[in-house]
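The values are calculated or read from the model by the stated rules, or taken from the named source; none is laboratory data. From a predicted model like this one, the values you see are computed outputs, not experimental measurements. Note that each Cβ is placed from the backbone with ideal geometry, even for glycine, and that neighbours are counted across all protein chains shown. With ligands, DNA and RNA removed, areas are computed over all heavy atoms of the protein, side chains included. Shrake-Rupley method; radii C 1.70, N 1.55, O 1.52, S 1.80 Å.
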Amino acid sequence: MKIRTKVLRLPIIQGGMGVGVSLSGLAGHVASCGAMGTISSVNAGYADGEFLTNPVKANLKALAGEIHKAKEIAGGNGLVAVNIMTAVSHYEETCRCAVEAGADAIISGAGLPLTLPEYTRGSDTLCAPIVSSGRAARLLIRHYRKHYDCLPDFLVIEGSRAGGHLGFSAEELEDHTAKTNEEILRDVLAEAGDIPVFVAGGVFDGADMARMIGLGAAGVQIATRFIATDECDASDVFKQMIVHAKEEDIRIIKSPVGMPARAIDSPLLKRLDAGETFPPLRCSGCLTACPRNASIPYCISRALIEAVKGNPEDGLFFAGSNAGRVDRIVPVRELIDEIMKEYEENRR
């Protein structure tokens with residue numbers, strides 16, 4: 001599959017997962033298999049010694065380093081993308097850092113990435129907005145054409161069954177009234193024309209991929225399953241949380257930034273349910289939507305960092321709706337081979 005000047009041999013994008021879940025280890029090995037590996041930019045420098053005193057500098061330095069390492073691991077195969085949420089502080093600096101470091105694509109959501117072409121134009125970095133509706137796709141396509149004389153290089157649909165922050169109301173998620181991936185894909189394809197569209201959120205195996213491609217998608221994005229791989233950058237504790245999670249353990253929460261999110265039930269969430277609060281010890285100002293004051297019940301960045309470091313008591317473990325179906329930890333290549341085998345068996 002050719003996307004502008006780049007070739008993606010396998011129609012799989014590994015979804016970006018922060019904080020620190022998908023860095024160079026995971027993204028590089030996914031790309032080495034011929035798919036698209038994705039680094040999450042959110043607090044990429046959480047382990048850097050300067051993170052507490054100068055988080056912006058630490059994050060940008062770490063992001064550039066992770067891109068370089070991922071491309072070395074990939075060895076010229078596949079593509080290495082960066083997921084950059086529009087909701088992060090220093091969005092422009094982060095996008096420019098990714099482009100300068102040689103990222104093959106920037107995948108951007110958590111809001112409408114209206115200015116993304118400003119940072120990718122004139123470079124080889126692909127511009128890829130995340131959308132949750134045909135209306136959002138139409139708005140972005142018209143905006144890019146009018147203001148930048150370009151189109152998105154590809155689109156990623158993020159459906160309601162994804163992990164982490166979600167672009168749907170809490171009511172839609174709790175009542176299961178959100179549009180299905182199939183319905184959103186139909187609406188987005190009607191706007192996209194020749195723009196490749198990838199489907200994410202609840203995509204689990206090759207059969208799901210075959211169904212989406214049969215409906216007109218260019219491919220799929222899969223995230224949660226890649227946590228349970230040997231090469232994932234998350235702690236073994238995080239990986240075991242995924243493997244041992246049951247369907248009833250996956251729940252919708254309200255993030256401190258005001259959005260609903262999907263996560264695995266944990267001691268932290270139980271303590272929050274009981275009324276405990278955990279305001280930030282020191283705010284790094286990582287998200288523009290966060291109130292950044294003592295009124296928030298807990299610091300989401302701190303909780304996500306504790307998860308990736310392997311703290312089961314204080315960590316927040318984001319996961320998709322299918323986490324309960326993951327039953328083992330495998331090498332990245334084995335997982336991709338399994339998905340592709342199922343795809344070949346189910347394609348029309």
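Would you please give the FRET efficiency between GLU171 and GLU313, computed as 1/(1 + (r/R0)^6) with r the Cβ-Cβ distance and R0 = 30 Å, to the nearest 0.05? List each step's numbers first, then the result.
On the way: r = 31 Å, r/R0 = 1.03.
Using R0 = 30 Å, I get an efficiency of 0.45.
If one puts a single equal scatterer on every Cα of the chain and applies the Debye formula without solvent, what log₁₀ I(q)/I(0) results at q = 0.09, 0.10, 0.14, 0.15 Å⁻¹?
Here the Debye-derived log intensity ratios amount to -0.43, -0.53, -1.13, -1.34.
Leaving out ligands, DNA and RNA but keeping every protein chain, what accessible area does TYR46 have, in Å² rounded to the nearest 10, with a 1.4 Å probe?
Per-residue accessible area (TYR46): approximately 50 Å².
Sorted by accessible area (1.4 Å probe), largest first, how do TYR91, TYR144 line up?
Working: TYR91 25, TYR144 0 Å².
Descending order: TYR91, TYR144.
Report, for the chain, the % of DSSP beta bridges that are antiparallel, rounded to 5. Before the final figure, lay out the partial values.
Details: 12 of 39 bridges.
DSSP beta bridges in the chain are roughly 30 percent antiparallel.
From the residues SER321, SER266, SER22, which one has its Cα farthest along the dipole of the chain in the positive direction, the dipole being from +1 and -1 charges on Cβ of Lys/Arg and Asp/Glu about the Cα centre?
SER22
For LEU272, LEU114, give the ranking by accessible area with the largest first, probe 1.4 Å.
Details: LEU272 35, LEU114 60 Å².
If we order LEU272, LEU114 from most to least accessible, we get LEU114, LEU272.
Extent of segment 1-79 along each principal axis, from alpha carbon coordinates, in Å, largest to smallest?
44, 21, 19
For the charge dipole of segment 57-205, defined by +1 on Lys and Arg C-beta atoms and -1 on Asp and Glu C-beta atoms about the Cα centroid, which residue among LEU114, ALA170, ALA137 has the Cα displaced farthest towards the positive pole?
Towards the positive end, the residue furthest out is LEU114.
Say the dipole of the chain comes from +1 at the beta carbon of Lys and Arg and -1 at that of Asp and Glu; which of ILE300, ALA105, GLY75 then lies farthest toward its positive end?
So the residue we want is ALA105.
Take the alpha carbon gyration tensor of segment 232-282, find the square roots of its eigenvalues, order them as a ≥ b ≥ c, and report rounded if a/c is under 1.5; if not, report prolate when a/b exceeds b/c, else oblate.
Details: a/c = 1.78, a/b = 1.42, b/c = 1.26.
Since a/c reaches 1.5 and a/b is larger than b/c, the shape of segment 232-282 is classed as prolate.
Give me the distance in nm between label points sitting 7 Å out from Cα along the Cα-to-Cβ direction at ARG9 and ARG138, one decimal.
That separation, rounded to one decimal, is 4.0 nm.
Counting only Cα, what are the radius of gyration and maximum Cα-Cα distance Dmax of segment 99-143, in Å?
10.8, 33
Where nothing but the Cβ of Lys and Arg (+1) and of Asp and Glu (-1) is charged, how large is the charge dipole of the chain around its Cα centre, in debye to the nearest 20? Please report the intermediate quantities before stating the final value.
Values: 37 positive and 44 negative charges, 151 e Å.
My answer is approximately 720 debye.
Quickly rank 68-75, 56-63 as a protection proxy: mean count of other C-beta atoms within 10 Å, highest first. The partial results should precede the final answer.
Details: 68-75: 19.0, 56-63: 20.8.
Per-residue mean Cβ counts within 10 Å order the peptides as 56-63, 68-75.
Can you give the FRET efficiency for LYS270 and LEU114, using 1/(1 + (r/R0)^6), R0 = 30 Å, r = Cβ-Cβ distance, to the nearest 0.05? Mind showing how you got there, number by number?
On the way: r = 39 Å, r/R0 = 1.29.
For R0 = 30 Å, the calculated efficiency reads 0.20.
In nanometres, what is the gap between the two model label sites at ILE329 and GLU100, each 7 Å from Cα along Cα-to-Cβ?
Placing both labels 7 Å along Cα→Cβ, they lie 3.6 nm apart.
Would you list ARG96, ARG251, ARG121 from the most to the least accessible area, probe 1.4 Å?
ARG121, ARG96, ARG251
Mind jotting down a quarter of the surface of the convex hull over the alpha carbons of segment 41-173, in square nanometres, one decimal? Present the calculation step by step, with values, prior to reporting the outcome.
On the way: hull surface 36.1 nm².
Approximately 9.0 nm², given one-decimal rounding.
Treat each spin label as a single point 7 Å out from the Cα along the C-beta direction, and report the VAL237 to ASP249 distance in nm.
Roughly 1.4 nm, to one decimal.
With no solvent and one equal point scatterer placed on each C-alpha of segment 118-228, evaluate the Debye formula and give log10 I(q)/I(0) for q = 0.11 Å⁻¹, two decimals.
Those come out to -0.36, one per q.
Can you send over the carbon and sulfur percentage of the accessible area for segment 87-223, probe radius 1.4 Å, protein chains only? Can you show the working numbers first?
Working: 2460 of 5400 Å².
Carbon with sulfur: 46 percent of the solvent-accessible area.
How much accessible area per residue does the chain have, in Å², with a 1.4 Å probe? Please report the intermediate quantities before stating the final value.
Numbers: 14410 Å² over 348 residues.
Counting only protein heavy atoms, the per-residue value for the chain is 41 Å².
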